[in-house]
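This report concerns only the one structure given below.
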Amino acid sequence: MKAPGYIGRFAPSPTGALHAGSLASALASWLDARAHGGQWLVRIEDVDTPRCVPGADQTILQQLERCGLRSDAPVLWQSQRSAAYQSALEQLLAQGLAYPCGCSRKDIEAAQGHATARHQAQTYPGTCRAGLHGKPARAWRLHLPALRQALNLPERTDWHDRRLGPQSQDVAQAVGDFVLKRADGLWAYQLAVVVDDAAQGITHVVRGQDLTDNTARQILLQRALGLPTPAYLHTPLVLGANGEKLSKQNGAKPLDLSDPLAALSAAAEVLGLPAARGVGVQEALREWVGQWARLW
Ligand SMILES: [Zn+2]
């Protein structure tokens, strides 16, 4: 099961320390890389600066270290990557695949009419494709109809998830021309992820199932920028007492790493691997690599 040139990654947002859910994602991506004889990289996704907690990045790296999970290359911080994101945006603008948008949230709601009353996600109706008409540019968006036409793409974006099987999304219908650079001047998550996955040569993305819904948008952006599409595997989530994804917002407890093996074992169980007992962290990781290789 050796994949020459396999490069995987774990890309946490430093909005707090790792919790049981994010440790499961970290472990899954590490195991997949090791099971393929590949490299595993850590990338700190700190583009959404207002949500980042100072020092959380270092806490996360220390937590990973305690669990025996070490990046095979220097850690990349997205906050230092603005020039790369800007040049990607300029490439899209030059090709007519992106455009400035002057709409406020209210403008978009008005153009949608009834949609927001049903608490739907805002689907951008494409108002500014034909120009700003005197409004100042607030955000930059991907021009989906221009992209479809330029590359002769089908209406739906079909892709395969190694665990969930065939997936399909009509991105124009689900979200519309999505944002690449936000009205607050910050880079959108989708653009940063796509540019960095390509820059780091990521061949396999292994991440939590809550991120599945982003994949079609990221694939369209890869096409638009002429970048390769990695293989995807979305892992089971750790659920909180309320049945929702475990997160700081719904009271995820900070990881207790006084016993790293116990924390890793809990993460392994979420991934369908047996808990390891009476062994060291390194030995447990080695056992799980073998089991992961048989599963995936
Ligand atoms: Zn607009």
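The values are calculated or read from the model by the stated rules, or taken from the named source; none is laboratory data. What you see is a predicted model, and the numbers here were worked out from it, not measured in a lab. Here the Cβ positions follow ideal geometry from the backbone for every residue, glycine too, while neighbour counts run over all protein chains shown.
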From 17, 33, residue being touching a strand residue (DSSP E or B) at 6+ places or on another chain (Cβ under 6 Å), hydrophobic (A, V, I, L, M, F, W, C) and in the same structural domain as residue 260 (by TED's automatic domain parsing) | 33
Going through the stretch 163-181 one residue at a time, which ones are farther than 30 Å from residue 271 by Cα, more than 10 Å from the ligand (Cβ to nearest atom) and not in a strand (DSSP E or B)?
-> 172, 173, 175, 178
Among the residues of the stretch 193-208, the number that are assigned to a helix (DSSP H, G or I) and over 10 Å from the mean Cα position of the chain (by Cα) is 4
Working only within the stretch 180-192, note down all residues that are within 15 Å of the chain's Cα centre (by Cα) and buried (at least 21 other Cβ atoms within 10 Å of the Cβ).
-> 180, 187, 188, 191, 192
Restricting attention to the stretch 15-35, which residues are part of a loop (DSSP other than H, G, I, E, B) and surrounded by 24 or more Cβ atoms within 10 Å (Cβ to Cβ)?
-> 18
Which is surrounded by fewer than 20 Cβ atoms within 10 Å (Cβ to Cβ), outside the structural domain of residue 96 (by TED's automatic domain parsing) and within 30 Å of residue 40 (Cα to Cα), of 200, 167?
-> 200
Can you tell me which residue in the stretch 129-164 is farthest from residue 32 (Cα to Cα), limited to those that are surrounded by 11 or more Cβ atoms within 10 Å (Cβ to Cβ) and polar (S, T, N, Q)?
-> 149
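Per-residue answers, yes or no, for (1) surrounded by fewer than 18 Cβ atoms within 10 Å (Cβ to Cβ); (2) modelled with pLDDT of 95 or more; (3) of a type outside the set (Lys, Arg):
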{"residue": "194", "(1), (2), (3)": "no, yes, yes"}
{"residue": "206", "(1), (2), (3)": "no, yes, yes"}
{"residue": "213", "(1), (2), (3)": "yes, yes, yes"}
{"residue": "219", "(1), (2), (3)": "no, yes, yes"}
{"residue": "245", "(1), (2), (3)": "yes, no, no"}
Yes or no: residue 190 part of a helix (DSSP H, G or I) and either more than 17 Å from residue 84 (Cα to Cα) or within 16 Å of the ligand (Cβ to nearest atom) (or both)?
-> no
Among the residues of the stretch 37-61, how many are buried (at least 23 other Cβ atoms within 10 Å of the Cβ) and assigned to a loop (DSSP other than H, G, I, E, B)?
-> 1
